[in-house]
1. Please list W195, W376 in order of solvent-accessible area, largest first, computed with a 1.4 Å probe with all protein chains present.
2. Considering the Cα positions of the stretch 79-158, please state its Rg to one decimal place and its Dmax as a whole number of Å.
3. Say the cut-off is 26 Å between C-alpha atoms; which of K216/K304; K392/K450; K126/K512; K442/K512; K392/K439 go over it?
4. Tally Lys/Arg at +1 and Asp/Glu at -1 over every other residue whose Cβ is under 12 Å from the Cβ of G358; what's the total?
5. Show that you can apply the helix-only estimate: for the chain, add -39,500 (n - 2.57) for every DSSP H stretch of four or more residues, divide by all residues, and state [θ] at 222 nm to the nearest 500.
6. So if I take the centroid of the Cα atoms in the stretch 123-154 and the same for the stretch 33-84, what is the distance between those two points in Å?
7. Compute the FRET efficiency between H32 and N370 as 1/(1 + (r/R0)^6), taking r as their Cβ-Cβ distance and R0 = 22 Å, and round to the nearest 0.05.
8. What are the ³J(HN,Hα) couplings of the stretch 350-355, residue after residue, when phi is run through the Karplus curve with 6.51, -1.76, 1.60 and θ = phi - 60°? Round to Hz, x for glycine and proline.
Amino acid sequence: MPKRKYLWTKQQLRQHVQVVSGELPPSIVLYHATYLNNALKKWITSNIWIYEDRIVYVGDELPKENPATEWIDCEGKHLVPGYIEPHAHPFQLYNPLSLARYASNRGTTTMINDNLFFLLGLPQKKALTILDELDQFPVSMFWWARYDSQTQLLNEETITNKKMKEWLAHPLVIQGGELTAWPDVIAGDDEILEWMQETHRLGKPVEGHLPGASLKTLTKMGLYGVSCDHEAMTGEEALRRVEMGMMTSLRYSSIRPDLPVILESLIEKGVDCFDRMMMNTDGSTPSFLEQGLTDKLVSIALDKGVPVEDAYAMVSYNVANHYGITDTHGMIAPGRLAHINFLESKHHPTPVSVLARGEWIKRDGVEVYNDWSFDWEEQGLVQDQENWELEKDDLTFSGPAGIEMVNAVITKPYNLSYETAIDELPSDHDESFMMLLSKEGKWRVNTIVKGFANKVKGFASSYSNSGDYILIGKKKADMIAALERVRSIGGGIVLVEEGAVVVEIPLPLMGKMSPLPLEEVIEQEKKMVTELKERGYPFGDPIYSLLFFSSTHLPFVRLTQQGIYDVKRKTVLFPAIMR
């Protein structure tokens with residue numbers, strides 16, 4: 001459980017006051033600083049004193065000169081609070097630290113992260129310990145507590161009442177959700193409703209997941225305690241959430257880049273108050289982040305006509321206010337953590353310099369903080385491979401029905417039209433062998449997938465919702481070879497053709513994340529996507545396809561540990577086969 005109860009000890013608080021009294025020198029003084037005062041929505045010129053990781057004074061006075069103090073002339077710069085990403089999935093091939101490093105160099109100094117992979121893939125004590133260990137870095141990392149696994153597991157004891165309440169009680173967990181199992185709550189699931197009540201008892205909000213929800217459904221979920229939703233896809237849907245008192249988190253992601261259209265619509269509708277809105281990147285895959293993260297969201301908002309002060313508040317103060325952390329985040333004011341972005345202009349949101357907890361992350365356009373080292377193996381994220389082998393007899397595909405990809409993430413059932421009792425399917429159609437295989441080698445779910453590609457011979461991935469292996473391909477021998485390669489590198493995504501590896505993305509952290517800098521992962525992902533598209537993958541984001549093949553919050557059929565699952569009927573159509 002948490003190592004500390006308060007951010008600062010009594011002794012540290014006394015020291016902060018001593019700095020203001022002139023008894024101790026500040027660590028940094030930012031003078032001639034024109035900064036955004038979120039309380040007034042105005043730009044004010046003041047002097048800002050920082051002591052270690054905290055802003056201790058904002059005003060007209062300057063402290064006595066002292067060689068221990070770093071003096072920064074901010075003339076000509078505009079200072080804004082460090083940006084907050086309220087909806088991060090820090091496992092889209094990258095890991096929480098590589099994402100934090102990349103994001104902080106672009107001004108996002110606070111991440112509010114999904115806990116799904118830690119919840120499903122690690123022992124409870126280890127997972128909660130990692131939260132504390134990651135809190136030692138300059139970037140602030142907060143977390144969600146998921147109420148459901150987002151798939152059908154063989155061991156439903158993965159999420160228990162005891163575990164859920166331990167997650168919710170952790171001080172770095174500041175949200176319940178995102179609530180993908182909201183239909184279960186409406187249908188009478190009192191266990192999840194109890195966890196939602198516990199979340200509110202602890203003073204933490206509940207994040208919904210309500211795509212396409214009607215006013216009546218939104219109202220019901222509001223009554224149950226959902227106070228924010230990020231699934232608005234139009235300006236009308238966003239406005240509906242705000243009108244009924246919800247916070248709406250506007251999304252710009254690799255799978256749903258809706259933000260520009262939503263903002264255009266809101267402006268056209270005459271919306272001039274953005275206090276109940278924030279913006280997020282919703283776990284975008286690596287290459288999408290080349291254009292930026294939260295700084296890109298601000299740029300879009302400014303381009304669409306959102307007032308400057310509101311655009312910055314939507315990624316700082318509004319977020320902190322919703323999560324109840326304005327005493328430490330989201331403002332440049334005494335008492336707050338020294339998360340500060342230095343802008344060349346208020347109209348250029350990518351900062352030239354960044355402070356996070358009083359440490360320089362970036363200085364005059366150059367990355368200066370480089371102590372991002374972390375022993376992932378010691379924390380249990382590098383895992384030993386089980387000693388088993390996939391046999392050719394396991395690749396039997398004799399069912400009467402398969403699954404068809406409607407788009408990158410939606411799959412529906414369809415009737416097979418080709419003979420599958422062969423070792424290799426022809427490339428004149430887009431049907432392929434497909435298997436979900438237990439990471440321990442204990443069970444398998446075999447089917448045919450239509451629409452993934454027509455020339456992919458062997459493809460295997462340990463990156464999936466549940467951490468099990470996904471195999472796809474035209475040629476069984478190449479599928480086996482791809483799996484063998486994935487396992488030999490400790491996890492990853494591998495494309496094989498005629499026994500040779502074409503391209504791979506090693507993911508040795510839980511089989512889902514890379515330890516490499518995000519820039520390198522971006523290049524690896526680009527190569528993988530290029531090769532898949534050359535072989536017929538028709539959609540925009542194969543990484544999300546892999547993640548969502550097992551995700552039962554999406555229609556219509558899913559590959560799960562229990563078997564091929566009908567989402568609407570909540571039944572297993574074809575059960576998993578034990579090996």
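1. From most accessible down to least: W376, W195.
2. Taking only Cα atoms of the stretch 79-158, I get Rg and Dmax of 13.8, 51 Å.
3. K216/K304
4. Its environment carries a net charge of -1.
5. Result for the chain, helices only: -7500 deg cm²/dmol.
6. For the stretch 123-154 versus the stretch 33-84, the Cα centre distance is 33 Å.
7. Working from the Cβ atoms, E equals 0.15.
8. 6, x, 8, 9, 9, 9
The values are calculated or read from the model by the stated rules, or taken from the named source; none is laboratory data. Since the structure is predicted, the reported quantities are computational estimates derived from the model, not experimental observations. Glycine also receives a Cβ, built like all others from the backbone with ideal geometry; neighbour counts cover every protein chain displayed. Ligands, DNA and RNA are excluded from the accessible area calculation, which covers all protein heavy atoms including side chains. Shrake-Rupley method; radii C 1.70, N 1.55, O 1.52, S 1.80 Å.
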